[in-house]
Amino acid sequence: MSDTEVLSLLRSIDERLSRLEEKAKMPESLEQIPLPNEFNILVDTVDELMSPATASGQQNLEAISKLKELFEVLSKPETIDAFTSLTNTMKNLAPLIEQVGELENIFCILTDSVDEIMQKAMESGINIEELSKNLKSFSFDMVNLMESGALTKLLESGILDQKSINVVGALGQSLAVSQVKEKEVGPFKLLGALFNKDIQRSLGFGMNIAVHFGRKLQTQNKK
């Protein structure tokens, strides 16, 4: 290769290196970077939206400031721990929430049943308003009994004992039968009835009541 050819080759290489250096040369500022027109339009729009010189810009800046504060609060360790605890609690509450849904269904069924009962009661001629007044009065009476202690004394008296209930039931049945089978009794028939074992048993029961009732009255009078 002649000297002329070598010189020409070196010049060609030098030109190529110069072009590569121009392309690799970094701009001194962002303004020197060539950008598409769309990007410039976007930048101008953002500047207008965030400009403190306009009311909308001030509102947007204030919203961004609040959003920044919110992110700072959410990024705190105690906030993250609270969210973790809440998530675990929600997992534990999931079965209870399902039960609440079931209770809602039960409540709807009960409501429908009450509506049906009320409708049938009205069709039967029952005065619902009067019934509600009686129930209200009954509720007040029950409250008064509980506050005065009378209900407690009633429960402790033994009147609701199974034996007492059996006796009252037998008395009720006897009253019902006696009303159906009425009898006229004269003095001699009454005297003869004293020899009846059932009547003797009833009289003995009545005498026992009289004895114990008298003792109770005496105890209460001493108090």
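The values are calculated or read from the model by the stated rules, or taken from the named source; none is laboratory data. Only a predicted model underlies this, so the values are computations on that prediction, with no experimental measurement involved. Here the Cβ positions follow ideal geometry from the backbone for every residue, glycine too, while neighbour counts run over all protein chains shown. Quick note on the areas: whole protein, heavy atoms, side chains included, nothing else; ligands and nucleic acids left out. Shrake-Rupley method; radii C 1.70, N 1.55, O 1.52, S 1.80 Å.
Annotations for the structure displayed:
- Applying the criterion of being of a type in the set (D, E, K, R) and either farther than 18 Å from Arg201 by Cβ or open to solvent by less than 90 Å² (accessible area, probe 1.4 Å) (or both) to the residues of region 152-179, the residue that is farthest from the chain's Cα centre (by Cα) is Asp161.
- Leu217 being open to solvent by less than 90 Å² (accessible area, probe 1.4 Å) and hydrophobic (A, V, I, L, M, F, W, C): yes
- Total residues in region 128-151, condition polar (S, T, N, Q) and open to solvent by 70 Å² or more (accessible area, probe 1.4 Å): 3
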